[in-house]
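The values are calculated or read from the model by the stated rules, or taken from the named source; none is laboratory data. As the structure is a computational prediction, the values presented were derived from the model and not from experiment. FYI the Cβ positions are ideal-geometry reconstructions off the backbone, even for glycines, and counts take in every protein chain you see.
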Amino acid sequence: MVDVILQSQKNPDPGHHLPPFVASDTVLGMYRFARLLQIAGLTIPPLSIIAQLSNTISLGQMLGFLVVSVCLFSLGYLLQAYFGGGSA
């Protein structure tokens, strides 16, 4: 019994494994785009808070920027997870 288990570990059946994943330019481009969306989502909130504190924009506009930044970051996170950057 132990011999069968050890032998199956040494010579796994190739039919049960997926082929190796080769990243194409499109996948790498989408991964970089996802990271860019995340960086934009993290950059917008401090800028909108500073703009609101200096009375350049209203409180409602700042909250709108915050909602947009959360959406950008979430979209970037989901794209990154889909294109191989982690688990969602």
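For the range 32-50, the candidate set comprises residues that are under 12 Å from the mean Cα position of the chain (by Cα) and aliphatic (A, V, I, L, M); within that set, the residue that is nearest to residue 82 (Cα to Cα) is 34.
The helices (runs of 4 or more DSSP H) found wholly in the chain and carrying at least 3 residues that are exposed (fewer than 14 other Cβ atoms within 10 Å of the Cβ) and modelled with pLDDT of 85 or more occupy 25-53, 59-82.
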